[in-house]
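Undergrad: Mind having a look at this structure? Questions to follow.
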Amino acid sequence: MQKITPTLWYDDKAEEAAEFYISTFGDGAILNVSRYGDDGPGTPGSAMIVDFELFGQRFNGLNGGPMFTFTEAISMSVSCDGQEEVDRYWDALVSDGGAESQCGWCKDRFGVSWQIVPVQLMHLMSNPDPQVSQRVMQSMLSMRKIVIADLQRAHDAA
């Protein structure tokens, strides 16, 4: 049993969001959907709570209404194995109403913030030479979607 499960509050799109995340990441499933009954407060038959899993991590999606929205104060960080994976996740998340931000951050069409981070970033930034790590950091700060080749060029610059 997972001790801590993040709950994501949606207005009314929790089931759609869970399906989108599963199709985007390809490793997950909807585990259970609890639906509103005739006594509400949601539309009878609509999803109230959607329990889903991504890469073995459980989440709850709650259709709680419009009173709370997502902010960048909480984000989902995704470790990526190479540029192809960065591109695939980034492109899917910003499609259909998502939005790019800076330094590998973006929002999906539901308003959830994501960090799409290649594993190479931390390796390149942890160079013991502070000038090298600073060049990598400055390169990353100038990006929206992280481009590993550009980070590598900044790392290798003389």
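The values are calculated or read from the model by the stated rules, or taken from the named source; none is laboratory data. All figures in this text were calculated on a predicted structure; none of them were measured in a lab. Positions of Cβ are backbone-derived with ideal geometry, glycine not excepted, and every protein chain shown enters the neighbour counts. The protein model used for the area step is the full one, side chains on, heavy atoms only, and it has no ligands, DNA or RNA in it. Shrake-Rupley method; radii C 1.70, N 1.55, O 1.52, S 1.80 Å.
Undergrad: Under a cut-off of 20 Å between alpha-carbon atoms, report the aspartates and glutamates in cross-link reach of LYS3, not counting same-chain residues fewer than 8 places apart.
TA: Of all the aspartates and glutamates, those that pass the test against LYS3 - Cα under 20 Å, at least 8 places apart if same chain - are ASP51, GLU53.
Undergrad: Would you rank ASP108, ASP81, ASP156, ASP150 by solvent-accessible area, highest first, keeping every protein chain in place and using a 1.4 Å probe?
TA: Largest to smallest exposure gives the sequence ASP81, ASP156, ASP150, ASP108.
Undergrad: Continuing with the same structure: In Å², and per residue, what accessible area does the chain have when probed at 1.4 Å with the other protein chains present?
TA: Per-residue accessible area for the chain comes out at 56 Å².
Undergrad: Identify, among GLY40, GLN134, VAL119, the residue whose Cα sits farthest towards the positive end of the charge dipole of region 28-158, taking +1 on the Cβ of Lys and Arg and -1 on the Cβ of Asp and Glu, with the dipole about the Cα centre.
TA: Result: GLN134.
Undergrad: Check the straight Cα-Cα distances from LYS13 and name the lysines below 23 Å, setting aside those fewer than 8 residues away within the same chain.
TA: LYS107
Undergrad: With a 1.4 Å probe and all protein chains left in place, how much of the accessible area of the chain comes from carbon and sulfur atoms, in whole percent?
TA: Looking at the chain in its full context, I get 53 percent from C and S.
Undergrad: I would also like to ask the following. Using the crude model of +1 on Lys and Arg Cβ and -1 on Asp and Glu Cβ, and no other charge, please compute the dipole size for region 1-123 relative to its Cα centre, in debye to 20.
TA: Charge dipole of region 1-123: 340 debye, to the nearest 20.
Undergrad: Angle, helix 14-25 long axis vs. longest principal axis of the chain, Cα atoms, 0 to 90°, nearest 10?
TA: That helix lies at roughly 30 degrees to the long axis.
Undergrad: At 1.4 Å probe size, what's the solvent-accessible area of TYR36? Round to the nearest 10 Å².
TA: 30 Å²
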